[in-house]
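The values are calculated or read from the model by the stated rules, or taken from the named source; none is laboratory data. The model shown is predicted, which means the values in this text are computed figures rather than measured ones. Note that we place each Cβ from the backbone using ideal geometry, even for glycine, and neighbour counts take in every protein chain shown.
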Number of protein chains: 2
Amino acid sequence: MVRNISSRRLNARNAGGEEYEKKRNAIRVAAAAVFREKGYEAASGDDIAKRAGMDRASTYYYYNGKKEIFRDMVGDAVKDNVLMAESIEASDDFPAGKLRRLIEGLFSSYARHYPYLFVYVQEDMTRLMNDKTEWSESMVSLNKRFDDAVIKIVQDGLDDGSFRTKANARLLAIGIISMCNWSHRWFDPSQRLDGDKIAAGFSDMVIDGLAITAK
Amino acid sequence: MVRNISSRRLNARNAGGEEYEKKRNAIRVAAAAVFREKGYEAASGDDIAKRAGMDRASTYYYYNGKKEIFRDMVGDAVKDNVLMAESIEASDDFPAGKLRRLIEGLFSSYARHYPYLFVYVQEDMTRLMNDKTEWSESMVSLNKRFDDAVIKIVQDGLDDGSFRTKANARLLAIGIISMCNWSHRWFDPSQRLDGDKIAAGFSDMVIDGLAITAK
């Protein structure tokens, strides 16, 4: 029976029918809502099926459980962000301009992938990483590449003298990433405050500072 | 039986014996470790008992389940932070000085209450607030008082002209609080980087900015 449903799922996926993809999408949307509300660990397959208006057994025709749904929803979004950060880092711009584009790019990505990226950010990946699969290792490596790109941008600014502060690039990068990541608790792209305004406010604060005293 | 254990617990608590308090503390420490690893929702009473080296039934003599442990560990720490933020806000200092003391105070509080405050920060309180108890409402109100104190500090700086930036005080305050809160993912007071250094690095970045261009 289990083998039977897996091979039916595999066949349906390979066939790639429009209706099948629509249902998969509906399950992802339902699962994202449940993950946001209860957290990944506490969410059950029943919760997800109920939210999607399906019975639990039918969901197996589309996904082999919540882990597969989670991976499917966040994988591409995370990869997009890493490629964005790396291409900004490698671009021909001043460090301050890169930092600003990075922060804008992150909020635009949060909005575009809403709420999938927030589901990912809200979960402590060290908790989900106990399984040491190929997937979890690729996520750890993507996270590291993202962090490294931000650290490199800040380090370049310190090296070329356009940034001047006492802390090291890693701590500053953590602060900037933190400021953006925590928005999973309050940012909602359907609300009044759009991502561009948030990104501009945060960029101005970390790049130019709040205080008007001359440096 | 249940009534019996509750009244025995109540009596032991009122008696306030040293051994009894030691055991309660050991359970809190064990629970904090389990909450950090698995998250509050997924943590079970069995996990906590096992970590504390006790059997599940005995833990009821000290705590009536994980909710009570959670509340006990975070309540005082959260209240401390609110009083700190409000007293800094009300003090006689420039806004930039207040902001710096607030960020320092937060990291020192994280270290002092480690890992209890991080357990609290890591949990999305909107998730834990479904029960609408007196406790949950007091936590919502404490969170709001904390946010309000930070917003007021930033607003004062914008009003007296010592801060100059386009974003409003609420967004800036959220950015600063986010930068500190996200440290629950990486800050460990037993490690090399101490709270004072982190706070100084973050304060310099948001108050003075990274860029050296004159404003």
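Descriptive notes on the structure:
- Residue that is surrounded by the fewest Cβ atoms within 10 Å (Cβ to Cβ), among those in the range B:165-182 that are part of a helix (DSSP H, G or I) and more than 7 Å from chain A (Cβ to nearest Cβ): B:Arg170
- Residue in the range B:73-95 that is surrounded by fewer than 15 Cβ atoms within 10 Å (Cβ to Cβ), under 26 Å from A:Arg192 (Cα atoms) and touching a Lys or Arg at 6+ places or on another chain (Cβ under 9 Å) present: no
- Test: residue in the range A:119-136 that is under 18 Å from A:Ala43 (Cβ atoms), outside any helix (DSSP H, G or I) and within 13 Å of chain B (Cβ to nearest Cβ): yes
- Scanning the range A:186-199 for residues that are basic (Lys, Arg) and at pLDDT 90 or above returns a single hit, A:Lys197.
- Flag if B:Val34 is buried (at least 18 other Cβ atoms within 10 Å of the Cβ), closer than 18 Å to B:Glu123 by Cα and either within 14 Å of chain A (Cβ to nearest Cβ) or within 22 Å of the chain's Cα centre (by Cα) (or both): yes
- Exactly one residue among A:Gln155, A:Gln191 is without any contact (Cβ under 8 Å) to a residue 24 or more places away in the chain and more than 15 Å from A:Ala111 (Cα to Cα), and that residue is A:Gln155.
- Hits in the range B:22-41 - residues which are modelled with pLDDT of 90 or more and among the charged types (D, E, K, R): B:Lys22, B:Lys23, B:Arg24, B:Arg28
- In this structure, A:Val206 does satisfy being facing another protein chain (nearest Cβ under 7 Å) and more than 18 Å from the chain's Cα centre (by Cα).
- In the range B:1-97, counting only helices (runs of 4 or more DSSP H) that sit wholly within it, the ones holding 1 or more residues that are among the basic types (Lys, Arg) and in contact (Cβ under 8 Å) with a residue 24 or more places away in the chain span B:2-15, B:18-38, B:66-90.
- Unique match (being at pLDDT 90 or above, of a type in the set (Ser, Thr, Tyr) and either under 26 Å from A:Glu41 (Cβ atoms) or exposed (fewer than 12 other Cβ atoms within 10 Å of the Cβ) (or both)) among B:Ser44, B:Ser7: B:Ser44
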